[in-house]
1. GluC sites (Glu not before Pro), restricted to region 37-74: which are DSSP loop and have at most 10 other Cβ atoms within 10 Å?
2. Counting only the backbone N, which residues of region 174-215 are under 20 Å from the spot 7 Å out from the Cα of M107 toward its beta-carbon?
3. Given the DSSP H assignment, sum -39500 (n - 2.57) over each helix run of at least 4 residues in the chain and divide by its residue total; what's the result at 222 nm in deg cm²/dmol, nearest 500?
4. Quick one: if the Förster radius is 35 Å, what FRET efficiency do H58 and E270 give, using the C-beta to C-beta distance and rounding to 0.05?
5. Calculated from the structure, Cα extents along the principal axes in Å equals which of (1) 50, 47, 44; (2) 61, 46, 42; (3) 76, 42, 42?
6. Which of these, H82, H119, H229, has the largest mean-square fluctuation under a Gaussian network model of the chain (Cα springs below 10 Å)?
7. Excluding the sites themselves, what is the longest stretch of the chain that contains no trypsin sites (Lys or Arg not before Pro) in a DSSP loop with at most 16 other C-beta atoms within 10 Å?
8. Rounded if a/c is under 1.5, else prolate if a/b is larger than b/c, else oblate: which is region 116-213, with a ≥ b ≥ c the root eigenvalues of its Cα gyration tensor?
Amino acid sequence: MVVYDMPQQAERTIYSLTSRYQQGVTEDDYEVIIVENRSEHTLSADFVEGLPDNFSYHLRHESQPTPVHAANFGVRMSRRSHTAVLIDGARMVTPGVVKNLLRGHRMHRDSVVSVPGYHLGRQLQQRAVEHGYGVEQEAQLLTSVNWPEDGYALFDIACFSGSCAGGLFRAHSESNCISLPWHLWQELEGLDTRFDQVGGGLVNLDFYKRACELQGITHVVLVGEGTFHQFHGGVTTGGVERRARAALLEDFQDQYQSLRGGKFEPPESEPVFLGEIPPQLMRFLRVSSQEPSSAGVQQDAVPERPTVRLIGDT
């Protein structure tokens with residue numbers, strides 16, 4: 001988990017990864033490696049001192065405006081056979097993520113397991129901020145649904161992220177919690193350090209695409225779980241003027257095209273959908289099952305519907 005200049009949001013994300021919050025696992029089942037790039041606002045010493053035994057914390061100096069090196073550093077620190085990468089420390093997770101990551105990896109030696117993405121709030125944060133949405137409004141939303149006592153209540157105060165705008169059953173652009181075995185991480189050589197733009201540019205999308213399109217892998221999507229982006233004034237979700245944001249995204253696409261030889265497109269895969277379905281997810285399932293015109297999604301912006309395979313407990 002990579003953290004930069006977001007102590008309040010990172011503390012919530014970290015809590016959502018503890019065994020007090022995660023269901024069906026113990027501290028012995030997993031470790032959490034927190035890598036924080038130094039800023040004016042780091043996690044407090046008291047908070048770090050109180051981390052559970054299966055957590056470790058590493059504060060480092062980063063000379064480039066990107067999380068890429070911190071993410072690769074964290075993976076190298078891992079002592080486990082599989083690694084899940086959260087490149088953005090502002091993304092809280094639901095209580096079944098760790099349990100179902102483990103399930104997904106038991107399905108196949110070469111499983112790549114990903115979690116769909118959401119934004120807290122009623123609309124994408126880069127739009128909501130234009131109407132007064134911010135840290136205080138988000139804190140009120142979390143209080144209104146009794147989080148963290150009810151972890152799945154996050155679905156009640158969220159919308160799909162841009163990377164999942166087509167719904168749960170169409171190709172996603174990225175995952176902010178993607179897990180794979182160590183040998184596949186080595187095959188991919190980690191996150192590509194040539195993505196040196198602010199925030200990493202499209203590095204997370206690039207890694208997700210390369211992982212999901214590896215030959216012979218099984219792509220597992222944890223359909224009943226989610227990552228939830230908290231507002232923190234991020235590179236593309238903070239209070240950036242629309243034209244400036246569009247120019248920044250164009251620069252990201254230009255760099256991707258120069259490195260990969262073509263425009264970014266979501267990965268082509270036929271995912272297995274794994275996990276339990278909490279009641280709070282039903283409105284997202286209904287939208288996801290509609291045709292693009294009915295769901296309010298532009299037809300030409302949505303990839304082809306993949307073959308759907310649903311698997312419950314394994």
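1. In loop regions of region 37-74 (DSSP not H, G, I, E or B), the sparsely surrounded GluC sites (Glu not before Pro) are E40.
2. Zone members listed by number: 174-185, 208-215.
3. Dividing the helical sum by the residues of the chain leaves -8500 deg cm²/dmol.
4. 0.40
5. Label (1) holds the value from this structure.
6. Comparing H82, H119, H229 in the GNM, the peak value goes to H82.
7. Answer from the scan: 123-193.
8. Since a/c reaches 1.5 and a/b is larger than b/c, the shape of region 116-213 is classed as prolate.
We did not get these values from a lab; they are worked out from the coordinates using the rules stated. Keep in mind that what you see is a predicted model, and the values were worked out from it rather than measured. FYI the Cβ positions are ideal-geometry reconstructions off the backbone, even for glycines, and counts take in every protein chain you see.
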